[in-house]
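Working notes for the structure below.
The numbers here are math on the coordinates, done by the rules we state, and not lab data. Keep in mind that this is a model prediction, so the values were computed, not measured. Because the Cβ atoms are built from the backbone with ideal geometry, glycine has one as well, and the counts that use them run over all protein chains shown.
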Amino acid sequence: MSVVLPHPVRTHLCNSSIYKFKKHPPPAAAPAILPPPSTLLMRINYCPKFSSRRNGLFISRAEDKARGSSSTQPQSDSDNQLEELNPSGTCDPLCSVDETSSEDFEVTTNQAKTDSLKAFAILAAAGTGAGAINHSWVAENQDLAMALLFGLGYAGIIFEESLAFNKSGVGLLMAVSLWVIRSIGAPSTEVAVSELSHASAEVSEIVFFLLGAMTIVEIVDAHQGFKLVTDNITTRKPRTLLWVIGFVTFFLSSVLDNLTSTIVMVSLLRKLVPPSEYRKILGAVVVIAANAGGAWTPIGDVTTTMLWIHGQISTLQTMKDLVIPSIVSLAVPLALMSFTSEVNGKGQDAADVLATEQMAPRGKLVFSVGIGALVFVPVFKSLTGLPPYMGMLLGLGVLWILTDAIHYGESERQRLKVPQALSRIDTQGALFFLGILLSVSSLEAAGILRELANYLDSHIPNIELIASSIGVVSAIIDNVPLVAATMGMYDLTSFPRDSEFWQLVAYCAGTGGSMLIIGSAAGVAFMGMEKIDFFWYFKKVTGFAFAGYAAGIAAYLAVHNLSISVPTTLAEIPFLSGS
């Protein structure tokens, strides 16, 4: 007995032939003849093209072949119409629910096994670590144990994508474990607690500074304040646009952090240039410019901020000595890229219409106050002598009160206020810095970094080569722990404030990450936003970035050795001269 179903239930398009079925429904003269439920064989199928979505249910015809009943003419027509869904006649294009359910069960079972293995591995590692920490060998070989643990944790950070572990969690676990080992190997627990308190005070200054800066930038971005900058980019000539994008990003990154500058400028590129090789080149320019722009100001990059807060560099002297090398490190790649086929190719002109989002009410006011708060931080430090994070918190407090006042009673604009902005900032990034800095401080407290510094001094006496090596290594691994380790290896008695070594470290750690796309936060952001392949960047950009990096070092050495200074009226400002 055959069944004619005049109206399929929850039909889902699998291919174009479904339209043929809809155009020729079964004749009205042939009503559906439904057998008893016990003999109705119905298959609920999934469309294989959409099986991963778990929808697109079909109800196909069912035949009671055991009864051997013949079909009527209307049924034959229906058979022909349904056969159009499977013109080959070899197999049903739909997968049975039994097969799909079986696959789902297998996937769920395998996932459960994988999760169980991961949980067991984590518990086993935790148990092994706890047992090892209590072992007397750790107390007798503290330096080796801490070095091994730091290396293991750092490997987890580097390969976080492969291991599926977030680097912030790995950093925090590493920090706590290292300090536990330090407390065991220290002369007494009181000594370890004192060292930890001192380290926590220094690390907290950086974390508070970053949280305040990220929140201010997020508020300005929520008000579309950066449109005041990006909307003024009107040129559409490929080579001109290359230079304009580079230097706009350069100066934007000197005030903001390089990560935020990259996000803002890459978002702009999506509106200016259609997807193409040329847009990828422009995105790479944004990465190079963001890192170069953040290297010459104390608030432009987290590594320069770390050096500034801890007293290794000052505001004005660093800006005067590093602005020329930073510009050179950008200008050289721009000049070389200007001759590439992607930039000189035809048909790269962007559209004249720039579709941008509407600026929020009072967006210009919020932009002015926010940027003013960031720029005021060095001035606040010079005037009061208080740590920079206090100036950043002052600016955040002012902006908080301002946004509450201008958006009072506007319930639909809650996202423009500070509480909502706090939920959108990169908190896990701040926790990563906390874990890394606490980990490095434990190595410093144990004297391991001092021993490493002595080894480098005896084998690499050239400080320029040491600083340059730090920049090259920062292209492979994160520059934050590198700079933190360098600060622990060399104190101000070895190299005084604003010495050539510290300024080179600030420049090299800031710009060296441009050589690989994974070498900086800006590169990683660009990689994720534009889906850039690691090897594409390596083939197309790494050579240009390295040329700029080396040219910047040469420019710094020339400026420093020839005593060339940048003319500026800022030197006449008393409260900036020693900041």
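The table for this structure:
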quantity	calculated
Total formal charge among the other residues, if their Cβ is under 15 angstrom from that of Val559, Lys/Arg +1 and Asp/Glu -1	-3
Placed amide H near Gln312: partners under 5 Å, 5+ positions off or other chain	none
Mean Cβ neighbour count within 10 Å, used as a protection proxy, ranking 226-235, 327-336, 458-467 highest first	327-336, 226-235, 458-467
Over the range 113-266, volume per residue of the alpha carbon convex hull, in Å³	179
Reduced Cα scattering model of the range 452-545, Debye log10 I(q)/I(0), q = 0.15, 0.20 Å⁻¹	-0.61, -0.91
The range 277-346: proportion of alpha-carbon pairs further apart than 13 angstrom, %	67
Mean Cβ count within 10 Å, highest first, over the residues of peptides 184-197, 143-156, 254-267	254-267, 143-156, 184-197
Potential lengthening between Ala112 and Arg236 on full extension [0.36 nm per residue; Cα-Cα distance subtracted]	39.3 nm
Local net charge near Leu465, Cβ-Cβ under 14 Å (Lys/Arg +1, Asp/Glu -1)	-3
Packing rank of 382-393, 527-538, where each peptide gets the mean count of other beta carbons within 10 Å, highest leading	382-393, 527-538
Where the Cα pairs of the range 259-312 fall when distances are cut into 5 Å bins, in %	5, 20, 23, 17, 13, 10, 7, 4, 2, 0
Rg/Rh for the range 381-420, where both radii come from Cα atoms and Rh is the Kirkwood radius	1.17
Separation of the Glu277 and Ser197 label points, Cα + 7 Å toward Cβ, nm	6.3
